[in-house]
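Trainee: Structure incoming, see below.
None of the figures in this text is laboratory data; all of them are computed from the coordinates on show. Keep in mind that what you see is a predicted model, and the values were worked out from it rather than measured. We place every Cβ from the backbone using ideal geometry, glycine too, and count neighbours over all the protein chains shown.
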Amino acid sequence: MAAILFILDALLTLVVVAFLLRALMPLVRADFRNPLGQAVLRFTDPLVRPLRRVIGPVGRVDTASIVALLLVQFAGRHPGVRLNLAVHNREDLLVQLADNLTDLAVMVRPPQDADTVSEPFAPHPYVIVAPPGHALARERGITLAQVVREPFIVREKGSDTWQSMADGLGRQLERLNVAMEIRSTETIKQAVLAGMGISFLSAHTVSRELRDKSLVTLDVQGFPLMLNWYLVQRRQKRLPPVARAFREFLLAEGARLIREVDPLPTPKAHRAKPKVRVPSR
């Protein structure tokens, strides 16, 4: 019996490593055409492909692979569980919740509905990035009023990134100096690298550029803007045992597992500048 448990544990470890490699390979620009890359793709595709239909990548971060890794980890800890995966776009998922057809949903922007309960389980940080030679790159405690005067390269209105930026800038959004509106995050990064402006982006999408110092984060008050992944369920819903176990797993382990794949920036504390009063003569 011990030998069987050892074999099962070894197999589960290999499965987890495969999905971890799938999530890490885009971040390091690994070549998927080599034999190892092809083997990882073939092994993980049956779970990753359905997820990717509705969970697109965020920059180089393969979000679908990260979600798949969470599912595999959960299944490994609960051997009797059989995964029944269904993927929906946001509108369909809200209908599923309203009609009581879904026990538990994972969302980035939960509904503001009195009939639902939303619980954050992992952070999703946003930063303002600039080229290293930008005039504000060495400044500390930059105010929102200062930063919105700079030329901004932004995602299109209605995108999640735009909505998150609206949350972060608040009333200063109406004063934002929009230089360009681009639908592609990768193109925005190239424009920032070329010195055409600064941008508000998910920290996940610029992790490599920040590591190699081709981009820097501006030290803006209130940033990084820490948004979250959420678990969503109906308020009066009594979760079945498996859904309850998955909820507890994500609340306890989700943030750590995502952080291991892509370390996140930590919010900075800013001290208010002291007010100096000069006595009148």
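Trainee: Using the number of other C-beta atoms within 10 angstrom as an exposure proxy, rank R256, R109, R77 with the fewest first.
Mentor: R256, R77, R109
Trainee: List the residues whose amide H sits under 5 Å from the amide H of A122, counting only those 5 or more places along or on another chain, with H placed 1.01 Å from N in the peptide plane.
Mentor: So A122 has HN proximity to W229.
Trainee: Sticking with the crude label model, points 7 Å out along Cα→Cβ, report the distance from R183 to V108 in nm, one decimal please.
Mentor: 1.7
Trainee: Among 161-167, 225-231, how do they line up by average Cβ neighbours within 10 Å per residue, starting with the highest?
Mentor: Most protected by this proxy first, the peptides run 225-231, 161-167.
Trainee: Also: Of K213, K189, K237, K157, how do they rank once you tally other Cβ atoms within 10 Å and put the fewest first? Don't skip to the end; give the middle numbers.
Mentor: Details: K213 8, K189 23, K237 16, K157 11.
Placing the least packed residue first, the sequence is K213, K157, K237, K189.
Trainee: Continuing with this model, one more query. Spelling out what I want: for every residue of the stretch 131-140, take phi, set θ = phi - 60°, compute 6.51 cos²θ - 1.76 cosθ + 1.60 (Karplus), and round to whole Hz; glycine and proline get x.
Mentor: In residue order, the calculated couplings are x, x, x, 5, 4, 9, 4, 9, 6, 10 Hz.
Trainee: Moving to a separate point now. Give a residue-ordered list of calculated ³J(HN,Hα) values for the stretch 175-184 (Karplus: 6.51 cos²θ - 1.76 cosθ + 1.60, θ = phi - 60°; whole Hz; x for Gly, Pro).
Mentor: Result, rounded to whole Hz: 9, 5, 8, 7, 8, 8, 10, 10, 7, 10.
Trainee: Something else about it: For I258, I142, which order do you get if you count the other beta carbons within 10 Å of each Cβ and list the fewest first?
Mentor: In increasing order of surrounding Cβ atoms, one gets I142, I258.
Trainee: Another question, if that's okay. Using the Karplus equation 6.51 cos²θ - 1.76 cosθ + 1.60 (θ = phi - 60°), what ³J(HN,Hα) coupling, rounded to whole Hz, does each residue of the stretch 162-170 give in order, writing x for Gly and Pro?
Mentor: So the J values, rounded to whole Hz, are 4, 5, 5, 4, 4, 4, x, 8, x.
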